[in-house]
Amino acid sequence: MSGESALDLAARRLEQAVNVLEQRLAQRLKTAGAEAGGLFDQDRANLAAELDEARARERELEAAGAEASAALGRAIVEIRAALNGGAPPPSSSAEH
């Protein structure tokens, strides 16, 4: 023998195999991390788009609420005038 026992050779081969395994694992983790980062970016973009849509819908609902409130106010004035037997006062805003 060349000074190394079979056990020493087996231990060295095992150490080399562990090193190769660690390198492959590190590469797989790097690849998986890159893929996960891409998915995170995609999720973030989707959430940002949904937030923009929700904000636009909120503005639309606020405008519709303001229009409904104004129409209700005009209706109240007309109903009060009708109950009091008089004509409603002229509206200060243009009717749509």
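Observations, loosely collected:
- Positions within segment 1-42 being of a type in the set (Gly, Ala, Ser) and either assigned to a helix (DSSP H, G or I) or open to solvent by 80 Å² or more (accessible area, probe 1.4 Å) (or both), in sequence order: Ser2, Ala6, Ala10, Ala11, Ala17, Ala26, Ala32, Gly33, Ala34, Ala36, Gly37, Gly38
- Test set (1) small (Gly, Ala, Ser); (2) loosely packed, with under 10 Cβ neighbours inside 10 Å; (3) assigned to a helix (DSSP H, G or I) - Ala64 fails condition number: (2)
The values are calculated or read from the model by the stated rules, or taken from the named source; none is laboratory data. Quantities reported herein were computed from a predicted structural model and do not represent experimental measurements. Reconstructed Cβ throughout: ideal geometry from the backbone, glycine too, with neighbour counts over all protein chains shown. These accessible areas exclude ligands, DNA and RNA; they are computed on the full protein's heavy atoms, side chains included. Shrake-Rupley method; radii C 1.70, N 1.55, O 1.52, S 1.80 Å.
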